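Okay, structure first, notes after.
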């Protein structure tokens, strides 16, 4: 299954949402540290088609 991952970055946390190729929300979470985010993404069941971080000054570390 193809997955689409969106990351909404703020100063305190990053909100993460995964949507299936059929438009259904598969998983939502919050991860603030890069290692935590990498683990969260690595545990997804499917193929990541697109990973889209929010465009802005706070998302450049991602």
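The values are calculated or read from the model by the stated rules, or taken from the named source; none is laboratory data. Keep in mind that what you see is a predicted model, and the values were worked out from it rather than measured. Here Cβ is always computed from backbone atoms with ideal geometry, including for glycine, and neighbour counts include all displayed protein chains.
Quick look at the values:
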item: Options 52, 6; residue that is surrounded by fewer than 13 Cβ atoms within 10 Å (Cβ to Cβ) and under 8 Å from the mean Cα position of the chain (by Cα); result: 52
item: Tally of residues being under 10 Å from the mean Cα position of the chain (by Cα) and at pLDDT below 90 across region 10-27; result: 1
item: Those residues of region 9-26 which are out of contact with any helix residue (DSSP H, G or I) (no Cβ under 8 Å at 6 or more places or on another chain) and surrounded by fewer than 16 Cβ atoms within 10 Å (Cβ to Cβ), in sequence order; result: 12, 13, 15, 17, 20, 21, 22, 23, 24, 25
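Per-residue answers, yes or no, for (1) assigned to a helix (DSSP H, G or I); (2) out of contact with any strand residue (DSSP E or B) (no Cβ under 7 Å at 6 or more places or on another chain):
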residue: 6; (1), (2): no, no
residue: 15; (1), (2): no, no
residue: 19; (1), (2): no, no
residue: 36; (1), (2): yes, yes
residue: 40; (1), (2): yes, no
residue: 44; (1), (2): no, no
residue: 50; (1), (2): no, no
residue: 55; (1), (2): no, yes
